[in-house]
Every structure is written in C-alpha cells, then in structure tokens.
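Beneath this line is the structure, given in structure tokens, with notes to follow.
The values are calculated or read from the model by the stated rules, or taken from the named source; none is laboratory data. On a predicted model such as this, the values are computed, not experimentally measured, just so you know. With ideal geometry, Cβ positions are generated from the backbone for all residues, glycine too; neighbour counts draw on all protein chains shown.
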Amino acid sequence: MAGPARVSGGALAGRRLRSPANGTRPATALIRSAIFDRTDIGNLVESARVLDLYAGAGYLGIEALSRGAEYADFVEKNGNACSVIRRNLDELGLSARARVHRLPVERCFSRIALDPTLIFVDPPYRVDALPVIEAFAERARLPDGVLLVWRRLNRSSGGVAPPPERIGGLVRIDQRRYGDGAIDTYRVEAMT
C-alpha cells in the first residue's frame, strides 16, 4: 500500500499533501519528478507564474511553488477539491503565493487574469481537453517560450485521439508515456 502523498522536490520536499476523497487521480511523485526534472521545465519553474487547470488536488501547482515558482493560480470546479487545495496551501505556508478559483476551466478565460509562464492541463482521463487548449491558445495571447504540459490518457488505453503537433501558437516539443498515461509538452512559438 502506498504511503501518503508528499511534495517530491524543492524547498518543501517530503512534506505531506492531502488528497480529496472525490476520486481525483493526482499526479504521483514519480510523474511530478519526471515533469520537473526535465531541463526545460526545471529551468523555467524558478520565478514562474503557474496556471494549474483541472487542478484536482493541486499537486502540480504546489510542486511548482515548492521548486521556486513565484505564483500559482489553481482552477478546479469541484468544491471539495478546492477545499483540499486551500488546506494544502495553508499547511505548507503557500497561501500568499497562490489563488484557488472554483469554476469550470472553460470559464477561466473571462474570469481571471492570465499571464502564466508555465501551464499544467491535467483533466480527468476521460475528458478531452483539446477544445480547452485550442480556446486557450486562441484567446490567451501568450508570449513566446511559455510551456504547456498536458497529462492525458494514451489512446491505446482508451483515451482520446492523439493530440496534434501544433495547436495554434503551441508547438509540441516533447511527448512521453508513463503507464496508461502520456505527457505532452508544448511551447508557445510565433506562427510563421
């Protein structure tokens, strides 16, 4: 049996994380380490402004804060999950560097100021986040170099169709498989 979830790196490494009892599938320590130990993400996270979409338990945004991110916005529609994120932030002393938005991801474009340098998209596995990412790429006017990390179910495991190489100004620069999931990383690049 696995032990309690813990922050995997940074200033808060080893600190315990709470999980909601609503069936979310938080990113495991192995997945979080795989994401943040990559050079491009590891170099960007220091002083980053993070946007954690479909935040669930908020583990990705919290991990980024532990590793030096300046600020994180968490977007999650489930009230229980939002309460758990807030409690984790309070217990870890991160509340002043974060805000939790209880609303559907599709509505965040008009509700919150969007100026992230690092974006996590971690929807429930059966949710196709491509339409949200397309809308985000179209509306957000992100500067070159912003990274978007999308955790999804592999098609071979019953997931949605594989994502395209380019989504508006987002260009896929990396794709990795982890068990039944995949992580696609996109970078904002000026369209030529």
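Quick one: count up the residues across region 101-126 that are at pLDDT 85 or above and of a type outside the set (Ser, Thr, Tyr).
Initial filter on region 101-126 (at pLDDT 85 or above): 101-108, 116-124.
From what is left, the residues that are of a type outside the set (Ser, Thr, Tyr) are 101-108, 116, 118-124.
Of the residues in region 101-126, 16 are at pLDDT 85 or above and of a type outside the set (Ser, Thr, Tyr).
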Total residues in region 38-68, condition modelled with pLDDT under 90 and either buried (at least 19 other Cβ atoms within 10 Å of the Cβ) or not hydroxyl-bearing (Ser, Thr, Tyr) (or both):
4
Of (1) surrounded by fewer than 19 Cβ atoms within 10 Å (Cβ to Cβ); (2) farther than 15 Å from Ala5 by Cβ, Arg87 fails just (2)
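Which residues, taken from region 89-130, are assigned to a helix (DSSP H, G or I) and either under 18 Å from Gly68 (Cβ atoms) or touching a residue at least 24 places away in the same chain (Cβ under 8 Å) (or both)? Show your work before the answer.
So the first thing to find is which residues in region 89-130 are assigned to a helix (DSSP H, G or I), and the list is 89-92, 95-97, 105-111, 130.
The answer is Leu89, Glu91, Leu92, Ser95, Ala96, Arg97, Val105, Glu106, Cys108, Phe109, Leu130.
With a cut-off of at least 1 residues that are touching a residue at least 24 places away in the same chain (Cβ under 8 Å) and among the hydroxyl-bearing types (Ser, Thr, Tyr), name the helices (runs of 4 or more DSSP H) lying wholly within region 1-76.
Working: elements: 29-36, 39-45, 59-66.
So the answer is 29-36, 59-66.
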